[in-house]
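Reading through the structure tokens given below for one structure.
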């Protein structure tokens, strides 16, 4: 007759064996989309669409672009799943659109005010500010860049390689204000 101790041991082993076996499974890792052909194709098309929208003073809106909605431009069966291709393409498109749209004359003028156009804090701050200003204007909110959470935090997109965090925040907030102002003007103009 089994003892209470042997029953406890059997129960513990019954629970432990599947956990050990499950833990031994290699994790399923998804390749970084930036290296995929889908991401690159999406990025390239997004840059072109962003530049075009900015030059025509269209609102910052990548989701209305036909290439983004379709999501499978350049797809080949050798790339695998069409759904995964679409996901990576759209990630690339969004990133490219942001990069293209930020190359507007306003951003270029801002870059001439003492911060390098390629400066991570400036680019991120301007983009974030532009989106916030555009949204506020479209929703008929008052002009107030300082009330925005990302402005107050000032460190969105920060990486140690960007240098001292306090300097990053200064550049980010200055660019955020400039982007917000431009976005707010565009939002008012094209409602």
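Rule-based calculations on the coordinates, nothing more; no lab input. This structure is a prediction, so every number in the text was calculated from the model and none was measured.
Kirkwood radius for the range 33-101, taken over all pairs of different Cα atoms as the inverse mean of 1/r, rounds to 11.5 Å.
Fully extended, how many nm does the chain gain between residue 66 and residue 135 (0.36 nm per residue separation, minus their Cα-Cα distance)? Mind dumping the intermediate values first?
Numbers: separation 69, 0.36 × 69 = 24.84 nm, distance 2.21 nm.
Residue separation times 0.36 nm, minus the Cα-Cα distance, leaves 22.6 nm.
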